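Trainee: Sending over a structure as structure tokens; questions will come in a sec.
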Amino acid sequence: MDTTDATSWETALLTGGPVDGAHMRVAGRPWVIQVTRPCTPDDVPDGVRVEAVYVYRRDARVKDQPLRYGFDAASP
């Protein structure tokens, strides 16, 4: 079990997919990061949102910053 303090912020790098090369700060070394992009749907009821979802999974082999998250084309 990962016991990293959830309030400890670390730098992460996303590789592959729509945000390849993006850097961000994460707390608690999450296993998965979800990235969304709004879509513009036609003929949907008011208040309905449509978003494309992209999943990045942490590479457990990387122990130092920046943590690495690779695009998972098979998800969600």
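Trainee: Might you let me know whether the stretch 42-53 holds any residue that is touching a strand residue (DSSP E or B) at 6+ places or on another chain (Cβ under 8 Å), touching a residue at least 12 places away in the same chain (Cβ under 8 Å) and open to solvent by 90 Å² or more (accessible area, probe 1.4 Å)? Working first, answer last.
Mentor: Taking the stretch 42-53 as the starting set, the residues that turn out to be touching a strand residue (DSSP E or B) at 6+ places or on another chain (Cβ under 8 Å) are 49-53.
Checking the rest, the ones that are also touching a residue at least 12 places away in the same chain (Cβ under 8 Å) come to 50-53.
Applying the additional criterion that residues be open to solvent by 90 Å² or more (accessible area, probe 1.4 Å) yields none.
The answer is no, given that none of the residues of the stretch 42-53 is touching a strand residue (DSSP E or B) at 6+ places or on another chain (Cβ under 8 Å), touching a residue at least 12 places away in the same chain (Cβ under 8 Å) and open to solvent by 90 Å² or more (accessible area, probe 1.4 Å).
Trainee: Evaluate the following for Arg58: is it surrounded by 10 or more Cβ atoms within 10 Å (Cβ to Cβ) and of a type in the set (Lys, Arg)?
Mentor: Details: surrounded by 10 or more Cβ atoms within 10 Å (Cβ to Cβ): yes; of a type in the set (Lys, Arg): yes.
Yes: the conditions hold for Arg58.
Trainee: For residues that are at pLDDT 95 or above and not aliphatic (A, V, I, L, M), scanning just the stretch 66-76, find the one that is most open to solvent (accessible area, probe 1.4 Å).
Mentor: My answer is Arg68.
The values are calculated or read from the model by the stated rules, or taken from the named source; none is laboratory data. It should be emphasised that the depicted structure is a prediction, and the values quoted were computed from it without experimental measurement. Positions of Cβ are backbone-derived with ideal geometry, glycine not excepted, and every protein chain shown enters the neighbour counts. Side chains are part of the model used for accessible areas, which takes the heavy atoms of the whole protein and leaves out ligands, DNA and RNA. Shrake-Rupley method; radii C 1.70, N 1.55, O 1.52, S 1.80 Å.
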